[in-house]
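The values are calculated or read from the model by the stated rules, or taken from the named source; none is laboratory data. Computed from a predicted structure; not experimentally measured. Note that we place each Cβ from the backbone using ideal geometry, even for glycine, and neighbour counts take in every protein chain shown. We work out accessible area using only protein heavy atoms, side chains counted, and drop any ligands, DNA or RNA first. Shrake-Rupley method; radii C 1.70, N 1.55, O 1.52, S 1.80 Å.
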Amino acid sequence: MSQGAIKFNPDIHKKIDINSDISGFTKLTTMLKKDTGINIVLSDKNKTLVSSRLNKILIKYNLNSYSEYADFIKKSGPKYYNEFINCLTTNTTHFFREEKHFTFLDQYVKSAEFLDHLNKAGGTRIWCSASSYGHEVYTILMTLLNSSTFSPGNLDIKMLATDIDDRVLAVAAEGEYEEAQVKGVPKYLLTNYFDKKKDGDKVSYRAKDLMANRVTFAKFNLLSPEYPFKNKFDLVFCRNVLIYFDQNDINYAVSKMTDNLRIGGLLFVGHSESGNIHDQRLQKVTFGVYKRIN
Ligand SMILES: C[S@@+](CC[C@H](N)C(=O)[O-])C[C@H]1O[C@@H](n2cnc3c(N)ncnc32)[C@H](O)[C@@H]1O
């Protein structure tokens, strides 16, 4: 779209108020919910958060209202639609988030049940289905690679990391984090699995090939009609994204993920999401962890 075609709007510095264009705002949130599952309930808190995100884009394209933006997205093609989705995803994450899952994972991969499976299968396939900036991806990999199960004999670990937001996927694939972000990572893991980089005063940590080479990053929407994976996964992580979906969409995504989990494999969901998992094929193992039993 040519910027030259846009007429300058002298009022654009004014605050765009959701309450003056509820119908336009609803068009946008309906589109978002239908395509991604992200269900924005119109509380005052959400209105403020969402409008501050949307207003930046409205200003960028010199648009006067949410209704105009909804029409603009429909007319302008996938790049602009993508920008809309990316602007409304919440990507909060950190290393070792909900740490109990990683303590559990460490014990699980040493269990007779898992070792027996590994003996037969030869490798481990993992899917991190809302991977955001990658902190979860590398936390899972550090936990596994640090376990006696995988070192040094069996390092056949492959992970697929997906997210609907391609901005965060690019950061995750880069695998580089500022010092403040790696605070939650124990020092010995940081030393073993990240390379320290210094650029003047700036220190950052980059995932070593030992981790990075095991991950494939791809854009994927959990509400997609098709889940195009050839092989079933041993472990599926879907944490802190279902919380944004309504129960129908949770049921859909959980059912599809379970289809793609081997019998005996585990599904991890966020601690606050565990009350909403109702698939009959899943049996609760511990908080936020489910095993596929049939
Ligand atoms: C709050 S972050 C959670 C990140 C990580 N799983 C964790 O627990 O720290 C939620 C992520 O879900 C992604 N997301 C939202 N809707 C999605 C969808 N329909 N399909 C795939 N990813 C989605 C967002 O882009 C965001 O990166």
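Only Cα pairs under 8 Å and 6+ residues apart enter the sum, and on that basis the relative contact order of the chain stands at 16 percent. To the nearest 10 degrees, how steeply does helix 247-259 sit against the main Cα axis of the chain, on a 0 to 90 scale? With both axes taken from Cα atoms, the answer is about 40 degrees. Note that the chain presents 50 Å² accessible area per residue, ligands and nucleic acids not counted, probe 1.4 Å. Annotation for Gln283 and Arg262: the two label points, set 7 Å from Cα along the Cα-Cβ direction, are 1.8 nm apart. Couplings 3J(HN,Hα) of segment 95-108, computed from phi: 5, 6, 5, 6, 4, 4, 4, 7, 5, 4, 4, 4, 6, 4 Hz, in residue order, whole Hz [Karplus 6.51 cos²θ - 1.76 cosθ + 1.60, θ = phi - 60°; x for Gly and Pro].
Between the Cα long axis of helix 22-36 and the first principal axis of the chain there is an angle of about 30°, rounded to the nearest 10. For the peptides 103-112, 85-94, 195-204, the ranking by mean Cβ contacts within 10 Å, running from highest to lowest, is 85-94, 103-112, 195-204.
Using 0.36 nm per residue and subtracting the Cα-Cα separation, the extra length available between Ser147 and Asn62 on full extension is 25.2 nm.
Take every DSSP beta bridge whose two residues both sit in the chain; close to 45 percent of them are antiparallel.
In a simple Cβ point-charge model (Lys, Arg +1; Asp, Glu -1; nothing else charged), the chain has a dipole of about 160 debye relative to its Cα centre. Take the Cα of Asp201, step 7 Å along the line toward its Cβ, and report every residue of segment 176-193 whose backbone nitrogen sits under 18 Å from that point. Label zone hits: 178-181. Between the helical axis of 44-60 and the longest alpha-carbon principal axis of the chain there is an angle of about 70 degrees.
Pairs exceeding a 32 Å alpha-carbon distance, out of Lys60/Lys196; Lys45/Lys100; Lys75/Lys219; Lys196/Lys232; Lys74/Lys197: Lys60/Lys196; Lys196/Lys232; Lys74/Lys197.
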